[in-house]
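K.L.:
The structure's right below; bear with me while I get my questions together.
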There are 4 protein chains.
Amino acid sequence: MCRFLIFKGKEPLRLSHLLTRPAHSIINQSFDSRLRLDRRRPVNGDGFGVAYYPQDKELNDDGPCLFRAITPAWNNQNLETLAEKTKSELVFAHVRASTYGILSETNCHPFTYHSLCFMHNGGISNFAKIKRTLLNHIDDEYLNFLKGSTDSECAFALFLDTLKKLGHDPAAGQGNFGHSALREAMLRTIEMIKNWTKEASRDLAQVEPSLLNFAVTDGSSVVVSRYITSKTDEAASLHFSCGSRFVESSPGEYRVERLDRNQDVIMVASEPLTFERGDWTAVPTNSILTIKNQTILLHPIIDEYYQKDPLYLRNSALAESKGLMGSVPLANAVEKDVPPLEREGRSRPISAAAHLA
Amino acid sequence: MCRFLIFKGKEPLRLSHLLTRPAHSIINQSFDSRLRLDRRRPVNGDGFGVAYYPQDKELNDDGPCLFRAITPAWNNQNLETLAEKTKSELVFAHVRASTYGILSETNCHPFTYHSLCFMHNGGISNFAKIKRTLLNHIDDEYLNFLKGSTDSECAFALFLDTLKKLGHDPAAGQGNFGHSALREAMLRTIEMIKNWTKEASRDLAQVEPSLLNFAVTDGSSVVVSRYITSKTDEAASLHFSCGSRFVESSPGEYRVERLDRNQDVIMVASEPLTFERGDWTAVPTNSILTIKNQTILLHPIIDEYYQKDPLYLRNSALAESKGLMGSVPLANAVEKDVPPLEREGRSRPISAAAHLA
Amino acid sequence: MCRFLIFKGKEPLRLSHLLTRPAHSIINQSFDSRLRLDRRRPVNGDGFGVAYYPQDKELNDDGPCLFRAITPAWNNQNLETLAEKTKSELVFAHVRASTYGILSETNCHPFTYHSLCFMHNGGISNFAKIKRTLLNHIDDEYLNFLKGSTDSECAFALFLDTLKKLGHDPAAGQGNFGHSALREAMLRTIEMIKNWTKEASRDLAQVEPSLLNFAVTDGSSVVVSRYITSKTDEAASLHFSCGSRFVESSPGEYRVERLDRNQDVIMVASEPLTFERGDWTAVPTNSILTIKNQTILLHPIIDEYYQKDPLYLRNSALAESKGLMGSVPLANAVEKDVPPLEREGRSRPISAAAHLA
Amino acid sequence: MCRFLIFKGKEPLRLSHLLTRPAHSIINQSFDSRLRLDRRRPVNGDGFGVAYYPQDKELNDDGPCLFRAITPAWNNQNLETLAEKTKSELVFAHVRASTYGILSETNCHPFTYHSLCFMHNGGISNFAKIKRTLLNHIDDEYLNFLKGSTDSECAFALFLDTLKKLGHDPAAGQGNFGHSALREAMLRTIEMIKNWTKEASRDLAQVEPSLLNFAVTDGSSVVVSRYITSKTDEAASLHFSCGSRFVESSPGEYRVERLDRNQDVIMVASEPLTFERGDWTAVPTNSILTIKNQTILLHPIIDEYYQKDPLYLRNSALAESKGLMGSVPLANAVEKDVPPLEREGRSRPISAAAHLA
């Protein structure tokens, strides 16, 4: 299982408040098994990575700063000091427990390509069977971009290729894509992986679903999916929180302060970062979350795995068995429980399938 | 908390049978929290080490082969292949969770000095206060031998110095010391640490006891202590097992086979290596175990922390809080339960204090 | 530039005599620039690897022991002790200066696949252009075997695939292939790479030749190529030496002792390992060397890049510019100068092209 | 041999302009032997470190950001991106070739203690003999601060202790010391090391001098020594440069632009960072350089090793043999050649000896 965290703030935040100081940060979660449901799974000691867009805009000419390591995150002196000495308005962080791919910095998330930054929590089912199809689909540029051996890096290469084919040069500068292009490319990426997996497993009696929680940013907009190729199983957990400030109430204990309806601070994470259950809202399974400026948008991904009934309870046994259900599942009550969430005017459901038509 | 394992066999054993294949090996224990009582403590991802004396005697001219790394043991490709491709009759292995000393190969156990090999599970209480006294006690040779910053490495330097002062050159070749010299030096080492700690904490209201489970070998004899500077607290766990063979009954499941009263296979470990409770015997707190050829000797360490009453139940809360109680404690029943244990003829209790008189 | 060394002995040799003790070992060469012609090139600090087949035959069930690291070879404590404490009859060692592929253990040579072990010195020209063709040529098994991003690892995957298509299962046990199958597979591998590169660069005005010094073993036979896709340029250097013993004449100074016509000790290396020029013979450019038991065979690779005239002097500027001419080039005088070389009975020139017909 | 570089600017500079982009940066010097006089010495592949004080003053509450690694600096992806994405007004950088102390992050320079940052180029002669004296001189706080095994880290601990005994708490915040306190502490540190070494080597026929080029900063003032315990040998090289801007004239080629007498940019380095000889001035042997705001001060260290005659030519054979003469020595012409150097009003020579009276 992996864990990831996204921070997007109106003001830059010291990275240590996200990564090293909170008792429930993804790094502290990674070794503290009281916080884990998945006690039979390896801990997240298989490397980590953090990408942040520098506070000084002049330094944002070609993507984020990226720091990755294969030693455990909880005992990395470089990360410790870097987190204390750095502020950023946009941070992607990831701790890894290897599924595909051996321990190597090249296999650590996030992955970057010029201004774009990408990470994944989950796994592509039966990846060995569809790898060739994926590699043949993408342009040489992205084939040669690959440095490691993970399904996640291949998914990023596919995303880049898709963005290109949609008419957006992935090598373009920061903030040049717009949230809808990023979302479109991600929906198509998910759809292709879904279809290839289906094709590859046509003759198999039983296939495990793919768990496709992807996150991408161009340094400005952020798009995150919570998706599973199943109509009955629960996807890997994904939560978000927003408010006015992220404050330390007592040493190691943080909470999201909501002074008004502002969303100056937005966090999206595989597991809640604070112990305050009310701070966090679960992203519904098979939907896609967008951060546009400081506003959150949620769109369902309507395809054959979509459940129309909002009360349908998916089975979380699969995600739990893979250690992908972080913390006690929170209520799936996006619609009514989250006052600060400002829904986009006409965010009618987007059908991923429709896009490819 | 750390974990350690010692193997001494009449015949060489493939290291993978000790380190990587058993479901309950110290490496697999290190990330599988079902096997852990200490769920609030960091896992053992802070480096590991293995020292083995080569099967080919010609290669045993100056001590064991030592392999240490700061990446987690459970995902180290070099260890994986080395363990599969190496056999040895005498192996020391250690996984570390840092207490003193940051993550660095120099802080990983085992430590070696010519033919001698040493490791520690526990911690010296209030070490910062006695470090200077210890450094001033030892000769320049051992002062300059120190490479890291741990209490454990200092304890080894003190052991070397003590051995020297007892008339044995620590740089002597393999098997040149004899079990009684090694035991004597270890008892004196423990006594000095005990006295210095007492001295340093004289004015303190309450001092946490030191946990001094040390293991040393010269490539031939092995000496292991289970010791705590307290009359009421339990020491860090230590178990041993012996039999004719160490066999894999089903994949990942091992057991110690006892065909006769032979002790062709002896293991000493902070936690049982097999799931078979009957395979393992707890070493009594505040005693010292010796492996002489393929025979186990047990001597109590009789000083102010010794409990004469064999039925006295020490409090294991401290050791547990430090993650030093591996597995459910086994019966303290060395005397009657362990048929293959051949006690030495006249192993009358050795008083550590008496030795220094 | 990389460097590699192969040792094949009738008796096992302590690895330190090959790797760490000789003043002119590939590891010491890697930082001592007196020994380097290529002073404008980065030193070989980009990782290293050593594979050895264990002395104990029981441990040879599934290939060699492999130790790789990304820290510089000359300051690796694990390598230092491992080399002192290990003996082997068959050793492959490699130090790397990155050309393709970033610093990662997955990019370090040697590569292994069950009993097979492979390494490369040189580079495939214009690799980004032929990568897709290569990946599509090989079976899924070998596509999914790839873990890094180097041309060399792809060349090994192609070799495995070729061996399979020749009717030999690459997963077969040690010594099961025979030298001719290994040689055949290597010649075909070279030919395919040559043809694809030609194809890919058809429209380019000028293409740099590929330098294809490959080495492979199945734990028994060894096959090594010295090859360049050019009729006028010199290939990367490759030398061999054989004799009765490899002895240390004075500290750090070794020589190959020739007591009789025995070839009990055979070494093949990118650079001579001793300072004694007479100890080493250059493998002719565009030929393939085989070690069958303790006998060396040399076959020319006759194709469009073959030079019939034995006195033709190729231009070594290219290889030198890449740091691939180790040491002062030795005479190309295989035919007459090397008494202990026993040529195979009817080793008529093998045309790589012919093989594929 | 090590190399170090100090940058102090009125405006923050992107770290890549110092570390990774210049063809002659200390990192590029470390593998390009054309730039090295010391071709018999190992290259600087034994780790590196960079400390920078963050641009955002709020982040400067407890010292600099510190990034150290044991993989070669020239192939570290984290350093590559960090250098591109970070600006700072005050940078200390160091590449290491091990002399004392094995490869370990704890042995990499710079060392930090709260707001203080320290590095060393050279070596304390006969250090094993004076280590105990040094350790016994310093307070427990600094004894327990030590994490590695190098003479350099011990010298820093001695510096901290000396600062404390001069009445300045080393844990005080950034810029709280003032240049004179830092210089005074450094002069006393040098004097103590000098005296202890003398004492320890009294009975030795011949002792190699100690090379004590130390650099320290509190985030505001910078003090750097160039010192050797010899009246006739040359110290390790040390140069400085100052001007209005540090500009890239062509890719990889930098120069120091001097538009006026401003010293907006000050660099101090073991080797010149640009190929323009006129950009750099050698710091005279046995003197101490201070950066106070953006002004350079130079004071001789007048003791038994001082040479009054400004024309006396010291013998550079020792420093060269240790690889401590970076580049062709530049003229020792501080007095007349450096227009922008503004000497302090009454900087009369400071006798280190006098200070201790």
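The values are calculated or read from the model by the stated rules, or taken from the named source; none is laboratory data. Not measured: the values here are computed from a predicted model. All Cβ positions, even for glycine, are placed from backbone atoms using ideal geometry, and neighbour counts span all protein chains on display. For accessibility, only protein heavy atoms count, side chains too; no ligands or nucleic acids. Shrake-Rupley method; radii C 1.70, N 1.55, O 1.52, S 1.80 Å.
K.L.:
Looking at A:Ser220, is it closer than 30 Å to A:Asp61 by Cβ and surrounded by fewer than 24 Cβ atoms within 10 Å (Cβ to Cβ)? Write out each step before concluding.
P.N.:
Values: closer than 30 Å to A:Asp61 by Cβ: yes; surrounded by fewer than 24 Cβ atoms within 10 Å (Cβ to Cβ): yes.
Yes.
K.L.:
Out of region A:223-240, which residues are of a type in the set (Val, Ile, Thr), farther than 26 Å from A:Val256 by Cα and in a strand (DSSP E or B)? Walk me through it before giving the result.
P.N.:
Taking region A:223-240 first, the residues of a type in the set (Val, Ile, Thr) are A:223-224, A:228-229, A:232.
Those still in the list that are farther than 26 Å from A:Val256 by Cα too: A:228-229, A:232.
Across region A:223-240, the qualifying residue is only A:Ile228.
K.L.:
Answer with yes or no whether C:Asp169 is within 14 Å of chain A (Cβ to nearest Cβ) and more than 20 Å from A:Lys147 (Cα to Cα). Break it down stepwise before answering.
P.N.:
Working: within 14 Å of chain A (Cβ to nearest Cβ): no; more than 20 Å from A:Lys147 (Cα to Cα): yes.
Against the criterion (within 14 Å of chain A (Cβ to nearest Cβ) and more than 20 Å from A:Lys147 (Cα to Cα)), C:Asp169 does not qualify.
K.L.:
If you scan region A:118-129, which residues turn out to be touching a residue at least 24 places away in the same chain (Cβ under 8 Å), open to solvent by 10 Å² or more (accessible area, probe 1.4 Å) and facing another protein chain (nearest Cβ under 10 Å)? Give the steps one after another, and end with the answer.
P.N.:
Residues of region A:118-129 that are touching a residue at least 24 places away in the same chain (Cβ under 8 Å), as a first pass: A:118-127, A:129.
Retained after the next criterion (residues that are open to solvent by 10 Å² or more (accessible area, probe 1.4 Å)): A:122-123, A:125-126, A:129.
Matches in region A:118-129: A:Lys129 only.
K.L.:
Related question: Scan region C:185-219 for residues that are touching a Leu at 6+ places or on another chain (Cβ under 7 Å) and of a type in the set (Ser, Thr, Tyr) and jot them down.
P.N.:
Answer for region C:185-219, where residues must be touching a Leu at 6+ places or on another chain (Cβ under 7 Å) and of a type in the set (Ser, Thr, Tyr): C:Thr189, C:Thr217.
K.L.:
Just checking, which of A:Arg132, A:Arg96, A:Arg188 is surrounded by 24 or more Cβ atoms within 10 Å (Cβ to Cβ) and among the basic types (Lys, Arg)?
P.N.:
Working: A:Arg132 fails: surrounded by 24 or more Cβ atoms within 10 Å (Cβ to Cβ); A:Arg188 fails: surrounded by 24 or more Cβ atoms within 10 Å (Cβ to Cβ).
The unique qualifying residue is A:Arg96.
K.L.:
C:Gln263: touching a Pro at 6+ places or on another chain (Cβ under 8 Å) and in contact (Cβ under 8 Å) with a residue 12 or more places away in the chain, yes or no? Give the derivation first.
P.N.:
Values: touching a Pro at 6+ places or on another chain (Cβ under 8 Å): yes; in contact (Cβ under 8 Å) with a residue 12 or more places away in the chain: yes.
It is true that C:Gln263 is touching a Pro at 6+ places or on another chain (Cβ under 8 Å) and in contact (Cβ under 8 Å) with a residue 12 or more places away in the chain.
K.L.:
Got a number for residues in region C:21-47 being part of a loop (DSSP other than H, G, I, E, B), under 17 Å from C:Ile70 (Cα atoms) and modelled with pLDDT of 55 or more? Talk me through it step by step, then tell me what you get.
P.N.:
Taking region C:21-47 as the starting set, the residues that turn out to be part of a loop (DSSP other than H, G, I, E, B) are C:21-25, C:30-32, C:36-47.
Now narrow it down to the ones that are under 17 Å from C:Ile70 (Cα atoms): C:30-31, C:42-47.
Okay, now just the ones that are also modelled with pLDDT of 55 or more, so C:30, C:45-47.
Selection size over region C:21-47: 4.
K.L.:
Oh, and also: Among all residue pairs at least 6 apart or on different chains, which show Cβ distances below 6 Å where the first residue, located in region B:204-222, is part of a loop (DSSP other than H, G, I, E, B) and the second is of a type in the set (Val, Ile, Thr)?
P.N.:
B:Pro209/B:Ile228; B:Pro209/B:Thr229; B:Ser210/B:Ile124; B:Ser210/B:Thr197; B:Ser210/B:Thr229
K.L.:
Of all residues in region C:265-283, which are touching a Lys or Arg at 6+ places or on another chain (Cβ under 7 Å), at pLDDT below 95 and assigned to a loop (DSSP other than H, G, I, E, B)? Reasoning before the result, please.
P.N.:
Of the residues in region C:265-283, the ones touching a Lys or Arg at 6+ places or on another chain (Cβ under 7 Å) are C:265-266, C:270-271, C:274, C:276, C:279, C:283.
This time we only want the ones that are at pLDDT below 95, so: C:270-271, C:274, C:276, C:279.
Result: C:Ser270, C:Glu271, C:Thr274, C:Glu276.
K.L.:
Out of the residues in region B:61-79 meeting the condition of being touching a Ser or Thr at 6+ places or on another chain (Cβ under 8 Å) and at the interface with chain C (Cβ under 9 Å from one of its Cβ atoms), tell me which one is most open to solvent (accessible area, probe 1.4 Å).
P.N.:
The initial filter retains those residues of region B:61-79 that are touching a Ser or Thr at 6+ places or on another chain (Cβ under 8 Å), namely B:62-67, B:70-75, B:79.
Now narrow it down to the ones that are at the interface with chain C (Cβ under 9 Å from one of its Cβ atoms): B:62-67.
Values: B:Asp62: 78, B:Gly63: 0, B:Pro64: 9, B:Cys65: 1, B:Leu66: 23, B:Phe67: 11 Å².
Across region B:61-79, the extreme among qualifying residues is B:Asp62.
K.L.:
Of the residues C:Thr112, C:Thr99, C:Thr71, which is under 19 Å from the mean Cα position of the chain (by Cα) and at pLDDT below 85? Break it down stepwise before answering.
P.N.:
Details: C:Thr112 fails: at pLDDT below 85; C:Thr71 fails: under 19 Å from the mean Cα position of the chain (by Cα).
Just a single option satisfies the conditions, and that option is C:Thr99.
K.L.:
Additional query: Residue check: is D:Asp260 more than 24 Å from D:Ser25 (Cβ to Cβ), surrounded by fewer than 24 Cβ atoms within 10 Å (Cβ to Cβ) and either at pLDDT 95 or above or touching a Ser or Thr at 6+ places or on another chain (Cβ under 7 Å) (or both)? Before the answer, list the steps.
P.N.:
Values: more than 24 Å from D:Ser25 (Cβ to Cβ): yes; surrounded by fewer than 24 Cβ atoms within 10 Å (Cβ to Cβ): yes; either at pLDDT 95 or above or touching a Ser or Thr at 6+ places or on another chain (Cβ under 7 Å) (or both): yes.
So D:Asp260 passes the test.
K.L.:
What residue, of C:Ser244, C:Ser237, is out of contact with any Cys (no Cβ under 6 Å at 6 or more places or on another chain) and open to solvent by 10 Å² or more (accessible area, probe 1.4 Å)? Write out each step before concluding.
P.N.:
Values: C:Ser237 fails: open to solvent by 10 Å² or more (accessible area, probe 1.4 Å).
Checking each option against the conditions leaves just C:Ser244.
K.L.:
Can I ask one more? Condition first: of a type in the set (D, E, K, R) and either touching a strand residue (DSSP E or B) at 6+ places or on another chain (Cβ under 6 Å) or over 16 Å from C:Val50 (Cβ atoms) (or both). Now tell me which residues in region B:46-85 satisfy that.
P.N.:
Filtering region B:46-85 for residues of a type in the set (D, E, K, R) gives B:46, B:56-58, B:61-62, B:68, B:80, B:84-85.
B:Asp46, B:Asp56, B:Lys57, B:Glu58, B:Asp61, B:Asp62, B:Arg68, B:Lys85 - these are the residues of region B:46-85 that are of a type in the set (D, E, K, R) and either touching a strand residue (DSSP E or B) at 6+ places or on another chain (Cβ under 6 Å) or over 16 Å from C:Val50 (Cβ atoms) (or both).
K.L.:
Can you tell me how many residues in region D:198-237 are within 20 Å of D:Met119 (Cα to Cα) and either over 19 Å from the mean Cα position of the chain (by Cα) or β-branched (Val, Ile, Thr) (or both)?
P.N.:
7
This table checks each residue for (1) touching an Asp or Glu at 6+ places or on another chain (Cβ under 9 Å); (2) within 23 Å of B:Ser220 (Cα to Cα); (3) modelled with pLDDT of 85 or more.
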| position | (1), (2), (3) |
| --- | --- |
| B:Asn286 | yes, no, yes |
| B:Ile291 | no, yes, yes |
| B:Arg314 | yes, no, yes |
| B:Leu324 | yes, no, no |
| B:Glu342 | no, yes, no |
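K.L.:
Check region A:278-299 and report whether any residue there is more than 23 Å from A:Phe118 (Cα to Cα) and either more than 15 Å from the chain's Cα centre (by Cα) or open to solvent by 10 Å² or more (accessible area, probe 1.4 Å) (or both).
P.N.:
Applying the first criterion (more than 23 Å from A:Phe118 (Cα to Cα)) to region A:278-299 yields A:278-279.
Checking the rest, the ones that are also either more than 15 Å from the chain's Cα centre (by Cα) or open to solvent by 10 Å² or more (accessible area, probe 1.4 Å) (or both) come to A:278-279.
Within region A:278-299, one or more residues are more than 23 Å from A:Phe118 (Cα to Cα) and either more than 15 Å from the chain's Cα centre (by Cα) or open to solvent by 10 Å² or more (accessible area, probe 1.4 Å) (or both).
K.L.:
Tell me whether region D:183-193 contains one or more residues that are more than 18 Å from the chain's Cα centre (by Cα) and closer than 30 Å to D:Arg314 by Cα.
P.N.:
Here is the first cut: in region D:183-193, the residues more than 18 Å from the chain's Cα centre (by Cα) are D:192.
Now drop any that are not closer than 30 Å to D:Arg314 by Cα, which leaves D:192.
There is at least one residue in region D:183-193 that is more than 18 Å from the chain's Cα centre (by Cα) and closer than 30 Å to D:Arg314 by Cα.
K.L.:
Separate question: Inside region C:150-170, can you point out the residues that are of a type outside the set (A, V, I, L, M, F, W, C), open to solvent by 20 Å² or more (accessible area, probe 1.4 Å) and not in a helix (DSSP H, G or I)?
P.N.:
Step one: filter region C:150-170 for residues of a type outside the set (A, V, I, L, M, F, W, C), giving C:150-153, C:161-162, C:164-165, C:167-170.
Next, from what is left, pick out any that are open to solvent by 20 Å² or more (accessible area, probe 1.4 Å): C:164-165, C:167-169.
Matches in region C:150-170: C:Gly167, C:His168, C:Asp169.
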